[in-house]
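Visitor: Structure in structure tokens, see below.
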Amino acid sequence: MTLSILYAASSPSWEEYEAPLTAALGATGLRYRLGPDLPAAEVDYIVYAPDSDVQDFSRFPRLKAVLNLWAGVEKVVGNPTLRVPLARMVDDEGLTQGMVEYVTGHVLRHHLGMDAHIVNPDHAWHHEAPPLSRDRPVTVLGLGALGTACARALSALGFPVTGWSRTAKQIDGLRCLHGTDQLGTALDGAQILVLLLPDTAATTDILDAAALARLAPGAFVINPGRGPLIDDGALLAALDSGRVAHATLDVFRTEPLPRDHAYWAHPGVTITPHIASETRAGSAARVVADNIRRSEAGEPLRHLVDRAAGY
């Protein structure tokens with residue numbers, strides 16, 4: 001049997017993925033045809049991004065699974081026409097490594113006080129050594145694949161890391177807390193906070209005024225997770241008061257961030273344009289191809305989305 005695999009994504013583009021997917025699928029030994037224009041009645045799998053024109057999955061009677069190219073699934077998980085398994089992108093070679101590099105880079109930047117030396121118009125001699133990593137508590141909210149990898153990397157650099165997740169986790173070398181009752185404890189006294197939670201109803205505005213008040217005075221906030229995790233007004237107020245020394249933000253409620261948004265003009269905010277972690281075509285194609293191979297072999301799909309949890 002020849003499988004029909006539909007590529008349905010506006011970004012990343014078909015031109016970017018055609019060769020890597022062809023190579024990865026070819027290595028599985030499966031017989032297949034692949035492309036962006038296949039008859040709906042014949043499609044077995046969809047390689048997907050939520051910005052695709054494909055929104056009605058009931059058009060695909062043979063559909064076995066949807067393989068998402070993005071880590072985030074909040075724009076598709078609630079689609080009532082999607083009744084087959086949905087797998088999110090977990091790519092240790094690309095997405096995960098990119099996120100680890102972004103988070104460790106900005107944690108070290110704030111820990112070492114690099115901005116004071118890079119931006120020093122008065123040529124002042126700031127002879128103030130930073131603390132050692134062991135004296136800088138870091139909290140990571142979200143212990144999925146990305147959060148766990150970042151927490152482990154920071155722990156390996158000597159930071160005392162507390163990780164928080166919705167459900168219980170046990171990760172060697174980390175202090176792991178979970179559940180609503182322990183969220184405040186996870187935030188208490190953190191000097192650097194990294195947000196890597198999914199975007200769900202339960203996580204919207206999780207970093208509000210009350211949560212910010214539990215951080216150490218002069219804390220740093222790094223958000224490469226999802227824009228709605230932060231109450232923007234509360235964060236701006238915390239920056240103005242000095243409760244938060246600086247916020248490095250990669251994701252926002254509206255993207256691109258509107259040119260008149262208060263974040264742009266605030267001296268305590270660094271904006272990066274949603275670049276913390278990108279899907280890399282070569283490694284992501286291998287993840288997709290392996291999941292299709294697993295499905296055809298009767299093995300469970302990897303990285304399945306929990307519809308009830310939303311991620």
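Laboratory data are not the source of any read-out in this text; all were calculated from the coordinates shown. All values reported here derive from a predicted model rather than from experimental measurement. So basically every Cβ, Gly included, is an ideal-geometry build from the backbone, and we count neighbours across all protein chains shown.
Visitor: Of 252, 108, 266, which is farthest towards the positive pole of segment 95-271's charge dipole, taken about the Cα centre with +1 and -1 on the beta-carbons of Lys, Arg and Asp, Glu respectively?
Guide: In segment 95-271, that residue is 108.
Visitor: Turning to a different aspect of this structure: Tell me the net charge near residue 231. Cut-off is 12 Å between Cβ atoms, residue 231 excluded, with +1 for each Lys or Arg and -1 for each Asp or Glu.
Guide: Result for the neighbourhood of residue 231: -2.
Visitor: Right, next: Just to confirm a number: summing +1 for Lys and Arg and -1 for Asp and Glu over residues other than residue 95 whose beta-carbon lies under 12 angstrom from that of residue 95, what do you get?
Guide: Net charge in that neighbourhood comes out at -3.
Visitor: Rounded, prolate or oblate: which one fits segment 95-271, using the alpha carbon gyration tensor with axes a ≥ b ≥ c (rounded when a/c is under 1.5, else prolate when a/b beats b/c, else oblate)?
Guide: It comes out oblate by the Cα gyration axes.
Visitor: Separate question: With N residues in the chain, what two-decimal value do you get for its Cα radius of gyration over 2.2 N^0.38 Å?
Guide: That ratio works out to 1.09.
Visitor: Also: Among 59, 259, 226, 286, what is the fewest-to-most ranking by other Cβ atoms within 10 Å?
Guide: 259, 59, 286, 226
Visitor: When a/c is below 1.5 the answer is rounded, else prolate if a/b is larger than b/c, else oblate, so apply that to segment 1-115 with a ≥ b ≥ c taken from the square roots of the Cα gyration tensor eigenvalues.
Guide: Prolate, since a/c reaches 1.5 and a/b exceeds b/c.
Visitor: Calculate the length of the line joining the C-alpha centroid of segment 1-60 to that of segment 116-178, in whole Å.
Guide: 39
Visitor: Given only helices, namely DSSP H runs of n ≥ 4 each adding -39500 (n - 2.57), what is the per-residue ellipticity at 222 nm of the chain, to the nearest 500 deg cm²/dmol?
Guide: After summing the helix terms and dividing by residue count, I get -8500 deg cm²/dmol.
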